[in-house]
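I have placed the structure first, in the form of structure tokens, so that the comments after it can refer back to it.
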Amino acid sequence: MDLNLRKAILENVTDNDKSQLEATIVDAIQSGEEKMLPGLGVLFELIWQQSSQTEQQEMLDALEQGVKQAH
């Protein structure tokens, strides 16, 4: 991903509180638009970087289950 895109996405959410961040995530998922995927990816990157190894393992477990259920 282009670093300018990452920077733009981060600048768009820098001052958002929890409820605004949640609304952004929910809206992106519900819209199902491909153009929202880079933003979700940047947000996930932040979550991943701020998480402990235990939390990362929990996310991987949830992701694995989600992938299995999607098929």
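Determine which member of the set ALA70, ALA28 is of a type in the set (A, V, I, L, M) and either exposed (fewer than 11 other Cβ atoms within 10 Å of the Cβ) or touching a residue at least 40 places away in the same chain (Cβ under 8 Å) (or both). Step through it out loud before you land on a result.
Working: ALA28 fails: either exposed (fewer than 11 other Cβ atoms within 10 Å of the Cβ) or touching a residue at least 40 places away in the same chain (Cβ under 8 Å) (or both).
Result: ALA70 is the single residue among ALA70, ALA28 that is of a type in the set (A, V, I, L, M) and either exposed (fewer than 11 other Cβ atoms within 10 Å of the Cβ) or touching a residue at least 40 places away in the same chain (Cβ under 8 Å) (or both).
Scan region 17-26 for residues that are among the hydroxyl-bearing types (Ser, Thr, Tyr) and under 15 Å from PHE44 (Cα atoms) and jot them down. Spell out the reasoning first.
If we filter region 17-26 for residues that are among the hydroxyl-bearing types (Ser, Thr, Tyr), which is where we start, we get 19, 24.
Of everything in region 17-26, just one residue is among the hydroxyl-bearing types (Ser, Thr, Tyr) and under 15 Å from PHE44 (Cα atoms), namely THR24.
What about LEU37, is it surrounded by 13 or more Cβ atoms within 10 Å (Cβ to Cβ) and among the hydrophobic types (A, V, I, L, M, F, W, C)? Full working, then the answer.
Numbers: surrounded by 13 or more Cβ atoms within 10 Å (Cβ to Cβ): no; among the hydrophobic types (A, V, I, L, M, F, W, C): yes.
Here the answer is no, as LEU37 does not meet what is asked.
Name the residues in region 20-49 that are polar (S, T, N, Q), out of contact with any Gly (no Cβ under 8 Å at 6 or more places or on another chain) and within 20 Å of ALA8 (Cα to Cα), would you? Steps first, please.
Step one: list which residues in region 20-49 are polar (S, T, N, Q), which gives 20, 24, 30-31, 49.
Pick out the ones that are also out of contact with any Gly (no Cβ under 8 Å at 6 or more places or on another chain) and you get 20, 30-31, 49.
Those that are polar (S, T, N, Q), out of contact with any Gly (no Cβ under 8 Å at 6 or more places or on another chain) and within 20 Å of ALA8 (Cα to Cα): GLN20, GLN49.
Take the residues of region 1-16 that are closer than 16 Å to ILE47 by Cβ and free of Cβ contacts under 8 Å to residues at least 12 places away in the same chain: which is surrounded by the fewest Cβ atoms within 10 Å (Cβ to Cβ)?
My answer is THR14.
Read-outs: derived from the displayed coordinates by stated rules, not from any lab. Owing to the predicted nature of the structure, the values given are computational and were not obtained by experimental measurement. Note that we place each Cβ from the backbone using ideal geometry, even for glycine, and neighbour counts take in every protein chain shown.
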